[in-house]
Every structure is written in C-alpha cells, then in structure tokens.
Amino acid sequence: MRHLMSPLDFTTKELEDLFILAGDIEHNPARYAHACDGRILATCFYEPSTRTRLSFESAMTRLGGRIIGFSDAASSSATKGESVSDTIRVISCYADICAMRHPKEGAPMVAAEKSRIPVINAGDGGHQHPTQTLTDLLTIRSLKGRLDNLTIGLCGDLKFGRTVHSLIGALVRYANIRFIFISPEELRVPDYITDMLRSRNIPYEEVIRLEKVMPQLDLLYMTRVQKERFFNEEDYVRLKDFYILDTAKMSLAREDMLVLHPLPRVNEISVEVDSDPRAAYFRQARYGVYVRMALILTLLGIQVP
C-alpha cells in the first residue's frame, strides 16, 4: 500500500508514467469509465475547498466509483474531539482510498501512519499540496511539451503558499530550471527553500516588480494573498492587491509564455486576461481531474487493459 504525502514520494520516472496515464485518460475517457466500479473514495476536508474536493469527486465519479466524506471540520466528529488517527481508522472501514485536507501541517501523514487504505494529502496548512503540484506539472508538460529548460516566475504570496512550496520542490529535479520569485518583502519565499536551492546550485532571483521580469519568463505562476493565513487583518488588506496581472503587463511577455494559477483568484488576475491564449489556469483545472484519476488508479493498483 502506498500514500501520497509529497510530490517527492514519486520518482520522476513514476511521475512520467502517471502523466502518460493521465494523457490516455484525457483522450480515451470511455476506456476508464468503469475502472473503479464498486470502489469508494472518502474526501475528508477539515477546511473549505472547491476545486480540490470537487476535482477528486469528479475524478472518482468519472472512474465509476462513489464518494463519501465531509467538506468541513464542523460537519465531522472533530467537533466532538475525535483525533485524526481515530477518524482515519474508522474511514478505513468504509472506503478504499482517502483524500484528506487539514489546516495543520503533517495531519495527513499522521493519518497515513494509522490507515489501512491509501491516503492522499489534499493540502496540509502552508506545507504541501502534492496533487496541485501534479496538476501543475501535467499542465506544463502538456502545454509546453517539457518539464526542463524553463524560467519560472512565481508571484504573490510565496511565504504561505503551499502550492508554491510544493511546485518548487518538484521542479528542482528537472534540468536547467531557473526561478524568479516576485513578492513583497513580507511574503518572500521561506529561507528553507532558498537554502535548498543554493545547496543544489539552482539559480534563482528575488524581485519586487513583476514588470521587470515579464520578458524573461516561460511560465508565470500567480497566487492569491491568502486571508486565512494572516493573523492581522490590516496586513492582509495592505498586501492583497500588491500584484494585479492585466493586459498591459501581459504585453511585456513572450508570445509562448503561460500563466498558471492554482485558483481561486481574487484580484490578482484581471478578467481581461482570461481571453489571452496564454492564460492557462482554467485548462489547468481540467488537467487536475485527469491527474487525480490517474493517481487514484495508481494508488489502488488498478490497471485498465
């Protein structure tokens, strides 16, 4: 039995196999329509989510399986004081696989240690978001044709953004990757990440102005400033509109640059950008279903002839 806690739980070869499977699912959906008949996915979400939870549920439904679970800690026995360990022991009696989101870092790992079924980390605090990273990698691979030789700008909340942290950790395993971190001082990428990049001799640059670096980028990964990660409302209000991507800024970018965003967006990407062919964030959401379908099949050990 295998779990997914981090994108690094899969080798680059295993990721390539996963992406090949996701590509086959995209182009031959009918072939997989009954692959999970009789199987049950439990979605245990201790904090709100739209895209991640619904994409997992869509993935399992498209595979012919069923879903049980909860979408908020308030509707679970956590309100009665039940531990994550006990919850997963019970869920293991009801389901074949579990996707768990939790505000506390490491909670899905605790669950995995006690579980009798595969557990997928669907986001834990500001730590990891591995299935979003798999989505990001599949999107890049599908639309750019490669996962190496890229200059990637990451913009916005780089301090608390778990999607950013996961993506950086996954991309450093590919050749000739260069990062440009675009953020206000208060939301800079954590030291442990820049220390890791220096130790691996991976080039990176930290800047404040987005306009300055737009012409250099193969990919721009936008993020929202996350209100739920702030202790101080005043700091959030001051920083929430620090970056707004609009058509004027897009005019500075290469014709083949892609804009990604894990969503939801607030104000950081103007709706006028949506019609730009380089805006890939809604296609990115679609790839999230395919990669989660492939992941469910892989962790359950189901092979479709």
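The values are calculated or read from the model by the stated rules, or taken from the named source; none is laboratory data. Everything numeric here is computed off the predicted structure, so don't read it as measured data. Neighbour counts are summed over all protein chains in view; Cβ atoms, including those assigned to glycine, are modelled from backbone coordinates with ideal geometry. Surface areas here come from the heavy atoms of the whole protein model, side chains and all, with no ligands, DNA or RNA. Shrake-Rupley method; radii C 1.70, N 1.55, O 1.52, S 1.80 Å.
So here's what we get for this one:
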quantity: Condition met for THR50 (more than 20 Å from ILE302 (Cβ to Cβ) and among the β-branched types (Val, Ile, Thr)); calculated: yes
quantity: Single residue of segment 159-170 satisfying the filter (of a type outside the set (Lys, Arg) and in contact with a helix residue (DSSP H, G or I) (Cβ under 8 Å, 6 or more places away or on another chain)) that is surrounded by the most Cβ atoms within 10 Å (Cβ to Cβ); calculated: LEU167
quantity: Single unsatisfied condition, THR223 versus (1) over 24 Å from the mean Cα position of the chain (by Cα); (2) modelled with pLDDT of 80 or more; (3) β-branched (Val, Ile, Thr); calculated: (1)
quantity: Given (1) under 29 Å from SER49 (Cα atoms); (2) open to solvent by 20 Å² or more (accessible area, probe 1.4 Å); (3) touching a strand residue (DSSP E or B) at 6+ places or on another chain (Cβ under 9 Å), index of the condition GLU186 fails; calculated: (3)
quantity: Exclusive hit being open to solvent by 70 Å² or more (accessible area, probe 1.4 Å) and closer than 16 Å to TYR290 by Cβ, set THR61, THR52; calculated: THR61
quantity: Residues that are farther than 11 Å from THR52 by Cβ and either part of a loop (DSSP other than H, G, I, E, B) or open to solvent by less than 10 Å² (accessible area, probe 1.4 Å) (or both), drawn from segment 113-129; calculated: SER115, ARG116, ILE117, PRO118, VAL119, ASP124, GLY125, GLY126, HIS127
quantity: Condition check for ARG292: in contact with a strand residue (DSSP E or B) (Cβ under 9 Å, 6 or more places away or on another chain), open to solvent by less than 30 Å² (accessible area, probe 1.4 Å), basic (Lys, Arg) and touching a residue at least 40 places away in the same chain (Cβ under 8 Å); calculated: yes
quantity: In segment 1-49, the residues that are among the β-branched types (Val, Ile, Thr) and without any contact (Cβ under 8 Å) to a residue 40 or more places away in the chain; calculated: THR11, ILE20
quantity: Residues located in segment 265-274, provided they are open to solvent by 70 Å² or more (accessible area, probe 1.4 Å) and out of contact with any helix residue (DSSP H, G or I) (no Cβ under 9 Å at 6 or more places or on another chain); calculated: VAL271
quantity: Breaking point among (1) under 25 Å from ILE269 (Cα atoms); (2) of a type outside the set (A, V, I, L, M); (3) in contact with a Cys (Cβ under 9 Å, 6 or more places away or on another chain), for PRO118; calculated: (1)
quantity: Cross-chain or 6+ apart pairs with Cβ under 6 Å, segment 263-285 first and touching a residue at least 60 places away in the same chain (Cβ under 8 Å) and in a loop (DSSP other than H, G, I, E, B), then open to solvent by 70 Å² or more (accessible area, probe 1.4 Å) and not hydroxyl-bearing (Ser, Thr, Tyr); calculated: LEU263/ARG51
quantity: Test: ARG173 is basic (Lys, Arg), out of contact with any Ser or Thr (no Cβ under 9 Å at 6 or more places or on another chain), closer than 16 Å to PRO7 by Cβ and surrounded by 15 or more Cβ atoms within 10 Å (Cβ to Cβ); calculated: no
quantity: Segment 8-34, subset among the acidic types (Asp, Glu) and closer than 15 Å to LEU63 by Cβ, residue nearest to the chain's Cα centre (by Cα); calculated: GLU26
quantity: Any hit, segment 20-39, residues being assigned to a strand (DSSP E or B), buried (at least 21 other Cβ atoms within 10 Å of the Cβ) and among the β-branched types (Val, Ile, Thr); calculated: no
quantity: Members of segment 69-98 found to be in contact with a Leu (Cβ under 8 Å, 6 or more places away or on another chain) and free of Cβ contacts under 8 Å to residues at least 60 places away in the same chain, listed by number; calculated: GLY69, ALA95, CYS98
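This table checks each residue for (1) assigned to a helix (DSSP H, G or I); (2) buried (at least 18 other Cβ atoms within 10 Å of the Cβ).
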{"site": "THR139", "(1), (2)": "yes, yes"}
{"site": "ASP148", "(1), (2)": "no, no"}
{"site": "ASP157", "(1), (2)": "no, yes"}
{"site": "ARG198", "(1), (2)": "yes, no"}
{"site": "GLU211", "(1), (2)": "yes, no"}
